[in-house]
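Notes follow once the structure below has been shown.
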Amino acid sequence: MLKNLGWIGGFATFLLLSNVRAEIPVLTLSYCLDAAMQHNRQLSQTREKVHEIEGERIFVRSRFMPHLELTANYDAMRTSIDGETDDHMASALNFSQRLFEFGPHAAQEVALRANLRKAVYDYEDKVFEILSRVWQTFHLILLQDQQIATRYKSKEGFQEILEREKARFGRQLTTENDVLNAELNVLRQDQRINSLQRQQFDNKMDLLRLIGRSIGAEIKLEGRIEKVELFSMDMDRTVELALQNSVQIALNTEQLEEQERVVREVNWEYSPDIALNAGVNDGRRSAAVEIDRQNQKNWGVDVSSEFRLNERQDNPAEVEDARWFTQVEARIPIFEGGARMGEETKQMAQLRAKQVALNDLQADVDLRVRKAYQLMHEILTQKNIQERSVEIARRRLEINQTLKERGLVDDNFFENVRNQFFDEQDRLFGDQANYIERQANLRRLMGYFE
């Protein structure tokens, strides 16, 4: 008996665990947005591109890190017929480091900054795109839940009419054609329900991929589609957010600042070349500081030292006392054929062009946001009007169904009324989906998601 009770308890526990494992997760909008940021594969790829450029920056700037190396050598020379050799062994520890640079940045640094800006802003642009798609897909799924429920409710009404027509046909109060038309109404709703369910399935799979979850998993969404229409932000505020969050405006602003730096540093390229090399050396230890200009661009300040670990000396008296040295060299350009003036003119023209382009981009963002805002509200108004049209079409269908049963309207007129109802309902569902799409587009332009 106890053995049977234990078996029953184990089986009950298994069923309980199976139900827990089979429980369908409920996802909220905030969870989906966070999951997309962390697990979306496209965002992961663009993030890795940023890390790649950052790694390149570390490589390029490694010259500012200390460099330490050990060198060793051995020399042997035969000095007589008897086979005697004169050998020398030496080793030294060398240290060098670039302390800082001043003047125009090297072309590699400029290209590095440009690549990093592009990678970062490509990532931000991809973030807005993915979050917009998540927001839109999430609300489309909620909308389709509502639409499927509406279709089922409409189907119930047509099913009642079908049963009534069948009963009347049994009493020979109507024709078989009327029964078939009533059944056709039910089938038409079944067809639309099937189509909505397929669309919702596609959207759920798209959402799973966007948030980085396994395709094919069962999910439920928690949210209210009615909240979509509670977008109460005014037009000026949407424009303000769009200007603050625009990826292209931020990118062009940094490019403008880069060009301003180039204009400020044009004169560095045509300033006098000065080279300084100074240090101290006692034969075994040495230290030096060097200031030099490379490729008529940057001045660099480098420090270096050497410590000879061992070195054979034939005569200790030959070891020199500590001595210092210095060398200064200057090249002062007097006339370079107007190169400086031409370069200044060129860089200033590029600066003005970038400023105009930035102003034009800001105006373009302002224009696109205002148009998107207006279009969204236009579709919202159209949707509200269409909801009333569906109510009127449904009521007309109900009235004409009663009149038809009494023989007061012909089949052609009733068929037109019925088709009008289905058409109005389809247009309403299209307007609802269109409104969600337009709001998602506006939110992407604003870079704003709950």
Residue that is surrounded by the fewest Cβ atoms within 10 Å (Cβ to Cβ) [pool: residues in the stretch 217-236 that are assigned to a loop (DSSP other than H, G, I, E, B) and not hydrophobic (A, V, I, L, M, F, W, C)]: S232
Residue in the stretch 207-216 that is in contact with a helix residue (DSSP H, G or I) (Cβ under 7 Å, 6 or more places away or on another chain), assigned to a helix (DSSP H, G or I) and within 22 Å of R370 (Cα to Cα) present: no
Sole residue being assigned to a helix (DSSP H, G or I), buried (at least 19 other Cβ atoms within 10 Å of the Cβ), of a type outside the set (D, E) and out of contact with any Ser or Thr (no Cβ under 6 Å at 6 or more places or on another chain), chosen from Q374, Q425, Q362: Q425
All positions within the stretch 173-206 that are more than 27 Å from E437 (Cβ to Cβ) and either within 45 Å of the chain's Cα centre (by Cα) or among the basic types (K, R) (or both): L187
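Yes/no per residue for (1) more than 23 Å from I130 (Cα to Cα); (2) surrounded by fewer than 13 Cβ atoms within 10 Å (Cβ to Cβ); (3) free of Cβ contacts under 8 Å to residues at least 40 places away in the same chain:
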{"residue": "E176", "(1), (2), (3)": "yes, yes, yes"}
{"residue": "N181", "(1), (2), (3)": "yes, no, no"}
{"residue": "R198", "(1), (2), (3)": "no, yes, yes"}
{"residue": "D206", "(1), (2), (3)": "no, no, no"}
{"residue": "L210", "(1), (2), (3)": "no, no, no"}
{"residue": "T238", "(1), (2), (3)": "no, no, no"}
Near pairs, Cβ below 6 angstrom, 6+ apart or cross-chain, from the stretch 405-430 (under 12 Å from R394 (Cβ atoms) and polar (S, T, N, Q)) to any residue that is surrounded by 16 or more Cβ atoms within 10 Å (Cβ to Cβ) and at pLDDT 85 or above: Q420/A393; Q425/V390
N4 vs. criteria at pLDDT below 80, outside any loop (DSSP other than H, G, I, E, B) and within 21 Å of E218 (Cβ to Cβ): no
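Determine which member of the set L93, L116 is out of contact with any helix residue (DSSP H, G or I) (no Cβ under 7 Å at 6 or more places or on another chain) and modelled with pLDDT under 85.
Numbers: L116 fails: out of contact with any helix residue (DSSP H, G or I) (no Cβ under 7 Å at 6 or more places or on another chain).
After ruling out the rest, the residue left standing is L93.
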Residue in the stretch 392-406 that is over 21 Å from E160 (Cα atoms) and part of a helix (DSSP H, G or I) present: no
Within the stretch 391-450, tally of residues that are in contact with a helix residue (DSSP H, G or I) (Cβ under 7 Å, 6 or more places away or on another chain), within 27 Å of K227 (Cβ to Cβ) and among the small types (G, A, S): 3
Residues (out of contact with any helix residue (DSSP H, G or I) (no Cβ under 7 Å at 6 or more places or on another chain) and small (G, A, S)) located in the stretch 133-182: A149, G157, A167, G170
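The values are calculated or read from the model by the stated rules, or taken from the named source; none is laboratory data. Keep in mind that what you see is a predicted model, and the values were worked out from it rather than measured. No Cβ is skipped: glycine too gets one built from the backbone with ideal geometry, and neighbour counts run over all protein chains shown.
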